[in-house]
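Computed from the coordinates by the stated procedures, all read-outs in this text should not be read as laboratory data. A quick note: this is a predicted structure, and the numbers were derived from the prediction, not measured. Cβ sites come from the backbone with ideal geometry, for glycine too, and all protein chains shown count toward neighbours.
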Amino acid sequence: ATNANYAKVVDIICNTNNLNLFNNVITGVSTASSSADRAVISSRNPYTGCGDGNSVLNTDSIVIMNNTVQNGSYGIYMQGINDNWYWWSYEHTIKNNLITNQYYSGIYLNFSQSIIVVFIFKVPVRF
């Protein structure tokens with residue numbers, strides 16, 4: 001990821017389910033911005049523009065484990081939507097990752113349910 005404004009390395013969208021990210025080194029840009037567009041790993045619900053351009057699709061069951069996540073505004077950014085629990089992000093596991101050098105937050109989880117976070121070595125975490 002090298003774009004100055006949009007620098008996501010992994011962008012999880014369009015009804016992605018049962019995705020596993022294991023044993024990777026994932027490096028984003030060095031930044032002095034809190035923009036979610038510069039998160040290293042991003043999953044934002046709802047995402048419009050899938051298929052017919054009007055669909056709103058969510059993600060579930062994402063496992064991020066044994067990775068090194070470096071730089072970016074956020075290491076891992078997962079965002080659901082607050083007006084309907086159906087569009088919340090859910091059943092994700094974030095485990096045994098080394099998350100370093102983020103400008104704003106190592107992990108950001110919002111409007112999420114049934115999330116497991118274990119052995120995170122970087123703080124702060126924003127809920």
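Electrostatic tally near Asn17: other residues with Cβ closer than 14 Å to its Cβ, Lys and Arg +1, Asp and Glu -1, net -2.
For the pair Ser33 and Leu19 in one chain, pulling the backbone fully straight at 0.36 nm per residue adds 2.3 nm over the alpha carbon distance.
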